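Step one of this worksheet: look at the structure below.
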């Protein structure tokens with residue numbers, strides 16, 4: 001069982017390197033100033049996932065990805081299948097990202113658009129098209145939802161994840177899993193146990209919210225359908241101390257580190273959604289890795 005108490009510092013948690021050894025962060029259209037500050041705080045080569053936006057132009061994405069790359073970080077752009085207008089448009093974009101920003105890895109999602117803009121209805125359609133490997137992409141991230149998806153049944157999610165991983169393998173692509181963010185390690189560890197028991201051993205980047213205000217975190221949780229751990233987040237935030245602790249990912253990191261020390265969860269790493277801003281998340285990561293979390 002996970003230890004229910006919150007540890008004083010992340011560095012005291014057992015096997016915290018399993019969680020914080022190779023972290024990644026996710027940002028939405030970070031400005032140049034943000035990237036510059038974040039790069040001064042993060043380890044060289046840290047992956048920065050760039051969230052997809054329906055109206056984001058290819059030029060803007062290439063500009064941001066290049067800014068990430070030039071600062072010694074590794075850009076991992078989201079590609080939403082239903083936002084892609086054509087195979088040629090996707091190939092041209094990926095080839096450009098590969099040549100100008102060193103992009104070899106993308107985060108592939110289905111997208112929220114009701115009607116596809118082009119030939120791809122689902123992420124697996126992109127994987128099976130052959131466009132990725134032809135454009136210099138060697139690895140993809142695939143989304144998973146330990147606490148469920150507001151619009152997709154659990155059995156469908158499970159089959160879809162397995163199908164995409166198999167399709168990636170057939171295409172010669174490496175694949176890792178990135179989970180929706182949670183506030184509580186319990187549902188994530190339970191989901192991980194089931195995933196490993198089913199024979200899936202790909203690396204899992206465990207999504208958690210970076211430091212942010214309580215209202216901001218609850219707003220994003222409601223928007224993204226993170227119901228179970230969000231309820232716990234609100235329910236347990238009864239004292240000022242607990243409230244402040246829950247505004248950072250320290251507790252969840254500790255709980256995951258305890259679980260990783262006591263059982264084989266496979267290859268995992270923390271993935272921080274920077275709802276409070278990329279720089280604030282980068283500062284927290286730096287302090288967590290150095291063991292100076294207050």
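The values are calculated or read from the model by the stated rules, or taken from the named source; none is laboratory data. Treat the numbers as computed from the prediction; the structure is a model and nothing was measured. Every residue, glycine as well, gets a Cβ built from its backbone with ideal geometry; the counts of neighbours run over all protein chains shown.
Would you pick out the residues in region 133-156 that are under 21 Å from residue 269 (Cβ atoms), modelled with pLDDT under 95 and not in a loop (DSSP other than H, G, I, E, B)?
none
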Please state which of the following conditions residue 289 fails to meet, knowing it meets all the rest: (1) more than 25 Å from residue 32 (Cα to Cα); (2) touching a helix residue (DSSP H, G or I) at 6+ places or on another chain (Cβ under 7 Å); (3) in a helix (DSSP H, G or I). (1)
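Can you tell me which residue within region 40-63, out of those that are part of a helix (DSSP H, G or I) and in contact with a helix residue (DSSP H, G or I) (Cβ under 8 Å, 6 or more places away or on another chain), is farthest from residue 279 (Cα to Cα)?
So the first thing to find is which residues in region 40-63 are part of a helix (DSSP H, G or I), and the list is 40-41, 58-63.
Add one more test, that the residue is in contact with a helix residue (DSSP H, G or I) (Cβ under 8 Å, 6 or more places away or on another chain), and what stays is 41, 58, 61-62.
Details: 41: 8, 58: 24, 61: 19, 62: 21 Å.
Within region 40-63, the match that is farthest from residue 279 (Cα to Cα) is 58.
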Any hit, region 158-170, residues being in contact with a helix residue (DSSP H, G or I) (Cβ under 8 Å, 6 or more places away or on another chain) and in a loop (DSSP other than H, G, I, E, B): no
Given the options 270, 282, name the one that is surrounded by 15 or more Cβ atoms within 10 Å (Cβ to Cβ), at pLDDT 90 or above and more than 14 Å from residue 182 (Cα to Cα). 282
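For residue 126, are the conditions met, namely being touching a strand residue (DSSP E or B) at 6+ places or on another chain (Cβ under 8 Å), part of a strand (DSSP E or B) and buried (at least 17 other Cβ atoms within 10 Å of the Cβ)?
Details: touching a strand residue (DSSP E or B) at 6+ places or on another chain (Cβ under 8 Å): yes; part of a strand (DSSP E or B): no; buried (at least 17 other Cβ atoms within 10 Å of the Cβ): yes.
So residue 126 fails the test.
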Output the residue which, of all residues in region 179-204 that are crowded, with 24+ Cβ neighbours inside 10 Å and assigned to a strand (DSSP E or B), is modelled with the highest pLDDT. 204
